[in-house]
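Each remark here refers to the structure printed beneath this line.
The values are calculated or read from the model by the stated rules, or taken from the named source; none is laboratory data. Note that the coordinates shown come from a computational prediction; the quantities given were computed from them, not determined experimentally. Cβ placement follows ideal geometry from the backbone for every residue including glycine, while neighbour counts extend to all protein chains displayed. The area values use the complete protein model at the heavy-atom level, side chains included, leaving out ligands, DNA and RNA. Shrake-Rupley method; radii C 1.70, N 1.55, O 1.52, S 1.80 Å.
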Amino acid sequence: MQTTKNIFLVRPANFYFNNETAGSNAFQNKTIENESRIKQKAFSEFDRFANTLKSKGVNVIIFEDTENPKKPDAVFPNNWVSLHADGTMVLYPMCAPNRRLERRQDIIDSLKKKFKINKTIDLSVYEKENKFLEGTGSIVFDHNNKIAYACLSIRTNKELFINLCNNLQYKPIYFFAYDQNNNEIYHTNVMMCVAEKFAVVCLSSITEVQERKEVINSLVLTGHEIIDISFEQMNHFAGNMLALRTKENKDIL
């Protein structure tokens, strides 16, 4: 199925502006706010988020981030690992060196105890070749139809994307996407979300007409209602969503 009843989160020990990722992420902005205040806001948001999901009937597994080494983006584990219904685990190569520290063997071992994982695809070795593919940030999966979407960037290598799709037996659909200032969009999941019956996508960001047509045609042929969002909506993260299921098989977003 497209949606899952189980998710895992990492409660951050640190959260602050990451200078190593800022160059390729135009959504990232510095603030004059005190760093400790930002951390406290992030911690409070995390706990409210996790508790809301639990109250709606989603099985939430929480891992605690370690204080050291400091990892400002540890709250985003979907960039270094993905878990698939057939028992496949994929480990991904990360662009920023300080984000590679997020990949933790203890989390991997714990997940292997909780779920049946019979195959691991480890792409992290490609970090040595400066080739990157950042999990479900880089790739938006349509699991029902075995299609994967990716907007190419420094963080989403075309060759690795196609190779992974071949390995998983998914059809790869790739394109370039840009914001209103013509900056390359660093991750596909900020401009696109695919749920069971609908897809949210900022079509204006796909500037090449043929690439845009391919995305539209693919979504239409797979029976998705397309919800086209504006740049302004994308900049407020309206495209950065995930469809889930509750224990009662109700859909939530």
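Considering every residue within segment 110-132, establish whether at least one is among the acidic types (D, E) and over 23 Å from N6 (Cα atoms). Quick ask: steps written out before the conclusion?
In the first step, residues of segment 110-132 are kept if they are among the acidic types (D, E); the result is 122, 127, 129.
Add one more test, that the residue is over 23 Å from N6 (Cα atoms), and what stays is 127, 129.
Yes: one or more hits.
Considering only segment 168-187, I want to know if a residue exists there that is open to solvent by 10 Å² or more (accessible area, probe 1.4 Å), of a type in the set (A, V, I, L, M) and at negative phi. There is at least one residue in segment 168-187 that is open to solvent by 10 Å² or more (accessible area, probe 1.4 Å), of a type in the set (A, V, I, L, M) and at negative phi. Taking segment 80-93 as the range and being part of a loop (DSSP other than H, G, I, E, B), open to solvent by less than 60 Å² (accessible area, probe 1.4 Å) and in contact (Cβ under 8 Å) with a residue 60 or more places away in the chain as the test, the residues that pass are H84, P93.
Out of all the residues in segment 235-253, which are over 15 Å from the mean Cα position of the chain (by Cα), open to solvent by less than 70 Å² (accessible area, probe 1.4 Å) and under 13 Å from D179 (Cβ atoms)? Spell out the reasoning first.
Of the residues in segment 235-253, the ones over 15 Å from the mean Cα position of the chain (by Cα) are 235-236, 245-252.
Add one more test, that the residue is open to solvent by less than 70 Å² (accessible area, probe 1.4 Å), and what stays is 235, 245-246, 252.
Listed by number, the list holds a single entry, N235.
Filtered by the rule that a residue be of a type in the set (D, E, K, R) and open to solvent by 60 Å² or more (accessible area, probe 1.4 Å), segment 118-137 gives K119, D122, K128, E129.
For segment 198-217, the candidate set comprises residues that are surrounded by fewer than 18 Cβ atoms within 10 Å (Cβ to Cβ) and either of a type in the set (S, T, Y) or in contact (Cβ under 8 Å) with a residue 40 or more places away in the chain (or both); within that set, the residue that is farthest from K250 (Cα to Cα) is T207.
Conditions tested, residue by residue: (1) under 21 Å from I139 (Cβ atoms); (2) part of a loop (DSSP other than H, G, I, E, B).
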residue: T207; (1), (2): yes, yes
residue: E211; (1), (2): yes, no
residue: N217; (1), (2): yes, no
residue: V220; (1), (2): yes, no
residue: Q233; (1), (2): no, no
residue: L242; (1), (2): yes, yes
residue: N249; (1), (2): no, yes
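Looking across segment 138-147, the residues that are closer than 15 Å to N167 by Cα and either surrounded by fewer than 24 Cβ atoms within 10 Å (Cβ to Cβ) or of a type in the set (D, E) (or both) come down to F141, H143, K146, I147.
Kindly establish whether A195 is in contact with a helix residue (DSSP H, G or I) (Cβ under 9 Å, 6 or more places away or on another chain) and surrounded by 14 or more Cβ atoms within 10 Å (Cβ to Cβ). Don't jump to the end; show me each part of the working.
Values: in contact with a helix residue (DSSP H, G or I) (Cβ under 9 Å, 6 or more places away or on another chain): no; surrounded by 14 or more Cβ atoms within 10 Å (Cβ to Cβ): yes.
For A195, the condition - in contact with a helix residue (DSSP H, G or I) (Cβ under 9 Å, 6 or more places away or on another chain) and surrounded by 14 or more Cβ atoms within 10 Å (Cβ to Cβ) - is not met.
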